[in-house]
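Structure first, commentary second.
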Amino acid sequence: ELHDFWALITNPFAWSQYVHVLSASYLLSGFFVMAVCAWHLLRKNEVDFFSRSFRYGAGFALVFSIVVAGHGHLHGNMVAKVQPAKLAAMESHWETGKNVPMYLLLLPDEKNEKNSVEAFGIPSLLSILAFGLLFFWHVPVDALTHMAHHGGGFSLHLLGMWLAFAITATL
């Protein structure tokens with residue numbers, strides 16, 4: 001429930017999320033244009049028009065893929081500083097450590113406070129996303145177990161948000 005509209009409008013985190021989602025929408029539109037053009041090019045419909053349109057869509061998608069990646073990195077830095085429990089829940093990170101990898105496929109096991117599946121790990125990527133290239137090697141990434149046992153405010157709500165994101169991204 002919204003209690004203070006002005007606080008929402010002046011919240012830099014909300015604006016950061018807005019820009020990230022808007023950029024991702026433009027990226028998606030570029031891929032949509034390319035898909036429609038590819039369909040028409042396969043059927044050899046107005047080849048000149050759809051070839052040019054495909055190139056415009058590809059350029060648009062390239063530009064906004066860079067914007068989304070860069071802004072996503074800045075967003076990751078902000079989440080690591082402001083909401084470390086959210087970062088730990090989003091990435092299902094159970095052990096505090098340095099040079100933490102990011103896994104592309106995870107299945108969290110909340111009862112045993114670990115991941116039952118960890119596949120396709122990219123070394124140090126979570127640390128780099130959280131703290132940047134200059135600090136990832138010496139700043140530890142807080143874990144869910146550390147926050148839950150030391151008053152960090154672990155919330156099942158955050159884990160639920162992560163699961164909803166994972167299911168939506170899979171679909």
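The values are calculated or read from the model by the stated rules, or taken from the named source; none is laboratory data. No experiment lies behind these values; they were computed from the predicted model shown. Please note: Cβ atoms are built from the backbone with ideal geometry, for glycine as well, and neighbour counts cover all protein chains shown.
Listed by first and then second residue, the pairs linking a residue in segment 5-29 that is farther than 10 Å from Val68 by Cα to a residue that is loosely packed, with under 11 Cβ neighbours inside 10 Å, with Cβ atoms under 9 Å apart and 6 or more places separating them unless they lie on different chains, are Leu8/Leu2; Trp15/Ile9.
Taken over segment 114-152, the criterion of being modelled with pLDDT of 80 or more and over 18 Å from the mean Cα position of the chain (by Cα) is satisfied by Lys114, Asn115, Ser116, Val117. Look at segment 82-110: where a residue is under 17 Å from Ile128 (Cβ atoms) and a partner is polar (S, T, N, Q) and assigned to a helix (DSSP H, G or I), sitting 6+ places away or on another chain with Cβ atoms under 6 Å, you get Asn99/Ser127; Val100/Ser127.
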